[in-house]
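Down below is the structure, laid out as structure tokens.
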Amino acid sequence: MSENVLVTRDLTKRYGSATVVDHVNITIQKGDIYGLVGRNGAGKTTIIRMAAAQTVPSGGGVELFGASDIRGLSQARSRIGAMVEIPSFYPYLTARENLEYYRRQRGIAGKHVVEDALEQVNLTDTGKKKFKTFSLGMKQRLGLALALMNRPDLLLLDEPINGLDPEGIVEFRNLLLELNRQYQTTILISSHILSELQSLATCYGFIDKGHLLEQLSAGELAEKCRDCMEIKVDDAPRAAALMEQELGLRDFEVLPGGAIRLYEGLERPQKVTNLLVAQGINLYGMEHRGANLEDYFLNLIGGVHHG
């Protein structure tokens, strides 16, 4: 039986009259890489901050490793590492000196944890190089090293690849995959670079305007993001009704802007075009395509699905 590492129950956060997180229920199991998908301002950072006890919920609660009471949560949070933003490292200290400062400040036993963390993120060869001269990718890796110093079972990462160049993104992604595979570290990661989440995550939560729209596994997403035929017409609702009534096609989506995504009958596109033209539907285009995570999310917040 899978162990629940993080569960939110009707988690809510309000700032004055504005509700930025609204009754969100998320379940993350041991070994998951959970991708939190949402536009800027959707509530992703606030959810992560509440999970890390950096922000107090206005309603609902968090369960960590099965604990939901104050004492249990306090103990459970010692098993968490969080990187919500690049920490305030000292510009004139080296990577080792910065981590040693935080090790002492946080009361983490054993000097070896600094070397272990640097090795995990491939920063052991920085020597006497000062933090102020680090590239953005190196700064992000040092932030990750700090989050790893207590050897967490759960890692909370908010937009960790934001601003990295393509090489830095690949490097950071491989680091997270190695942590997950080698140490079974459970990871909650948010990002607006949706293609990167798709190459990392084992499950997803889609959030928009503070609401969790859907939670599904990578396998379920792959099924939903299968090949399709995108049909552009002047009357999408009528065209969809005709395809269902006359051809028995039911697995489709009606998108905003006069488009339909058809997931079945792809081997017989001529039957669809013949039907629509015969019924006076103006056909502007038909294109075979495969949906990706970004397509799916944009459709989820704006389209209507059938089938």
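The values are calculated or read from the model by the stated rules, or taken from the named source; none is laboratory data. This structure is a prediction, so every number in the text was calculated from the model and none was measured. Methodologically, a virtual Cβ is constructed for each residue, glycine included, from the backbone with ideal geometry; neighbour enumeration extends over all protein chains shown. In case anyone asks, the SASA skips ligands and DNA or RNA and just uses the protein heavy atoms, side chains included. Shrake-Rupley method; radii C 1.70, N 1.55, O 1.52, S 1.80 Å.
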| request: Report the full-extension gain for the segment residue 69 to residue 245: residue separation times 0.36 nm, less the Cα-Cα distance, to one decimal in nm. | output: 57.9 nm
| field | Cα-centre dipole for region 18-129 with unit charges at Cβ (Lys and Arg positive, Asp and Glu negative), debye to 20 | value | 220 debye
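So how much slack lies between residue 93 and residue 274, counting 0.36 nm per residue of separation and subtracting their Cα-Cα distance, in nm?
Answer, rounded to one decimal: 58.1 nm.
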| said: Net charge around residue 58, counting only other residues with Cβ within less than 12 Å of its Cβ (Lys, Arg = +1; Asp, Glu = -1)? | reply: 0
| Can you pull the percent of region 1-113's accessible area that's carbon plus sulfur, 1.4 Å probe, other chains left in place? | 48 percent
| query | When we measure straight from the Cα of residue 271, which lysines land under 18 angstrom away, once same-chain ones fewer than 8 places off are left out? | reply | 232
| note | Applied in sequence order to region 132-146, the curve 6.51 cos²θ - 1.76 cosθ + 1.60 (Karplus, θ = phi - 60°) yields integer Hz couplings, x standing for Gly and Pro, of 5, 9, 6, 6, 4, x, 5, 5, 5, 5, 5, x, 5, 4, 4
| query | So which chymotrypsin sites (Phe, Trp or Tyr not before Pro) in region 74-136 are both in a DSSP loop and have at most 16 other Cβ atoms within 10 Å of their Cβ? | reply | 92
| request: Specify the angular offset, from 0 to 90 degrees and rounded to the nearest 10, of the alpha carbon long axis of helix 293-302 from the longest principal axis of the alpha carbons in the chain. | output: 70 degrees
| What label, among (i) -0.36, -0.55, -0.75; (ii) -0.26, -0.44, -0.67; (iii) -0.55, -0.69, -0.83, belongs to log10 I(q)/I(0) by the Debye sum over Cα atoms at q = 0.07, 0.09, 0.11 Å⁻¹ computed from the structure on display? | (i)
| query | Magnitude of the Cβ-charge dipole of the chain, K/R +1 and D/E -1, about the Cα centre, nearest 20 debye? | reply | 1400 debye
| note | Note on region 235-288: contact order normalised by length, alpha-carbon pairs under 8 Å, 6 or more apart, percent, works out to 32 percent
| task | Round to the nearest 0.05 the FRET efficiency obtained for residue 101 and residue 223 when R0 = 45 Å and r is the Cβ-Cβ distance. | result | 0.40
| query | In terms of Cα to Cα distance under 30 Å, which lysines are near enough to residue 132, apart from those fewer than 8 places away along the same chain? | reply | 44, 111
| What does the charge count near residue 301 come to, summing +1 for each Lys or Arg and -1 for each Asp or Glu among other residues with Cβ under 9 Å from its Cβ? | +1
| message | Given points 7 Å out from each Cα along the Cα-Cβ axis, report the residue 133 to residue 266 separation in nanometres with one decimal. | response | 5.3 nm
| task | Find the relative contact order for the chain and round it to a whole percent, using C-alpha pairs within less than 8 Å whose residues are 6+ positions apart. | result | 20 percent
| field | Accessible surface, the chain, averaged per residue in Å² (probe 1.4 Å) | value | 48 Å²
| message | If each residue of separation counts as 0.36 nm, what is the full-extension length gain between residue 2 and residue 56 once their alpha-carbon separation is subtracted? | response | 16.6 nm
